[in-house]
1. Just to check your reading of the model, which residue among Asp323, Asp308 is charged (D, E, K, R) and surrounded by fewer than 19 Cβ atoms within 10 Å (Cβ to Cβ)?
2. Got a sec? Which strands (runs of 3 or more DSSP E) wholly within segment 201-305 have at least 2 residues that are crowded, with 23+ Cβ neighbours inside 10 Å?
3. Of the conditions (1) farther than 27 Å from Gly100 by Cβ; (2) in contact (Cβ under 8 Å) with a residue 40 or more places away in the chain, Gly228 clears all except one; give me its number.
4. For segment 62-88, what are the residues that are touching a helix residue (DSSP H, G or I) at 6+ places or on another chain (Cβ under 9 Å) and either within 16 Å of Ala148 (Cβ to Cβ) or modelled with pLDDT under 90 (or both)?
5. Here are Ser321, Ser312, Ser292: which of them is over 30 Å from Glu192 (Cβ atoms) and of a type outside the set (D, E, K, R)?
6. If we scan segment 279-295, do we find a residue that is under 26 Å from Asp364 (Cα atoms) and more than 23 Å from the chain's Cα centre (by Cα)?
7. Any chance segment 109-122 includes a residue that's more than 27 Å from Pro180 (Cβ to Cβ), assigned to a helix (DSSP H, G or I) and among the aliphatic types (A, V, I, L, M)?
8. Quick check on segment 184-200: of everything there that is part of a helix (DSSP H, G or I) and over 26 Å from Gly100 (Cα atoms), which residue is farthest from the chain's Cα centre (by Cα)?
Amino acid sequence: MKPIPDHIEELADRLTASGHLSDPRWRELLHAVPRHLFAPPLAWVDGESGPDQLVDQSADENAWLTTVYSDTSITTQFDDGATPLEKGGENYTSSLSAPGIVIAFLELLDPMDHHRVLEIGTGTGWTAGLLAQRVGDHNVTSVEIDAALSADAGENLKAAGCSPRLVVADGADGWAAGGPYDRVHVTCGVREVPYAWVEQTRPGGRIVFPWVPGFAFGHQTRLAVTFGGRAIGRFAGNAGYMMLRSQRFERYAPAVEEDGEQTTTRLDPRTVTSDSYGCDVAIAALVPGLTSVEEDIGQGRTRLHLRDPDGSWALADHEPSRDDFAVAQAGPRRLWSEVEAAYLRWVSWGSPGRDQFGITITPDGQTLWLHSPDNPIRP
């Protein structure tokens with residue numbers, strides 16, 4: 001069987017080649033905090049339809065190690081722990097994140113020696129361990145809402161020789177007792193940034209998190225905290241993460257159960273979901289509250305599902321060789337009409353890319369902007 005250090009070196013080489021790992025200190029820390037100590041013996045990894053491939057350490061340890069040291073996420077909990085891990089399920093609620101995105105976020109965080117770090121979402125404890133090795137155990141506070149996950153993380157960290165402070169609490173509230181922090185590292189998707197994170201970060205400090213507004217994909221985000229209680233930053237790359245529990249999308253409207261208002265559109269529904277990540281940000285800013293799912297319905301046809309928590313919904317269908325496309329929508333809002341207008345507004349701006357957009361957090365909430373914080377986007 002291949003030695004563990006060889007697995008780690010090969011993983012680090014792959015992350016370097018893919019552009020996720022550029023700081024050699026993180027390569028060293030991958031050795032200091034081996035990922036396999038944080039992986040469950042039954043590893044659920046993604047197949048074609050979610051985490052549906054089970055790798056059993058007791059049956060084939062070599063295959064398990066190969067999986068653990070690949071750049072893939074491993075699901076570690078279903079249904080908030082209500083479904084036993086060995087049974088699996090469709091509703092996965094915690095995971096050991098893929099190494100590529102873990103290192104990408106840690107490099108975006110860029111902690112310095114002796115920095116005080118707050119982590120939101122302990123999960124398995126792996127990133128807490130990496131941070132503890134980087135800045136010292138006593139400088140890392142990791143908050144997890146799920147007591148069972150926090151307890152398991154504690155055992156994993158102990159096995160790795162790490163002992164950051166673990167707190168069982170709602171991460172949306174941060175952990176003021178350990179502040180002020182120099183860095184805040186968030187391991188769950190966020191639609192609305194809790195202001196507590198800004199309040200608990202010193203001026204010049206940095207907050208990194210996956211901004212997952214609900215439309216299309218998520219975005220790596222880095223904020224810098226300023227005097228006056230503001231945090232300002234831009235989007236840096238892709239990020240698909242499980243949501244902060246209080247912001248989960250399952251709280252949105254149920255599936256469509258009625259026909260709705262029938263119209264057509266000449267805008268191909270696929271265009272608004274595949275044009276660019278800049279388009280994604282613009283639509284999320286201009287159509288607040290929106291969530292989307294794109295579905296393959298066979299024979300070259302696709303269906304775009306749009307939802308709002310107020311009960312509004314829309315469907316937009318693409319069919320090959322059509323001059324126009326069927327739309328159904330109902331509820332207080334006409335979501336497809338709003339998305340169509342937002343897309344064309346983005347085009348009128350010159351189709352700016354994701355790096356041209358940013359976000360500002362104040363006590364009054366968050367504001368998306370184009371080019372400069374002085375140019376807010378208004379729906």
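1. Asp323
2. Those strands (runs of 3 or more DSSP E) span 201-211, 219-226, 230-238.
3. Answer for Gly228: the failing condition is (2).
4. Thr75, Thr76, Gln77, Phe78, Asp80, Gly81
5. Being over 30 Å from Glu192 (Cβ atoms) and of a type outside the set (D, E, K, R) holds for just one of Ser321, Ser312, Ser292, which is Ser321.
6. There is no residue in segment 279-295 that is under 26 Å from Asp364 (Cα atoms) and more than 23 Å from the chain's Cα centre (by Cα).
7. No - not one qualifying residue is present in segment 109-122.
8. Ranking the qualifying residues of segment 184-200, first place goes to Glu199.
The values are calculated or read from the model by the stated rules, or taken from the named source; none is laboratory data. The shown structure was predicted, so the numbers you read here are calculated from the model rather than taken from an experiment. Using ideal geometry, Cβ is built from the backbone for each residue, glycine included, and neighbour counts are taken over all protein chains shown.
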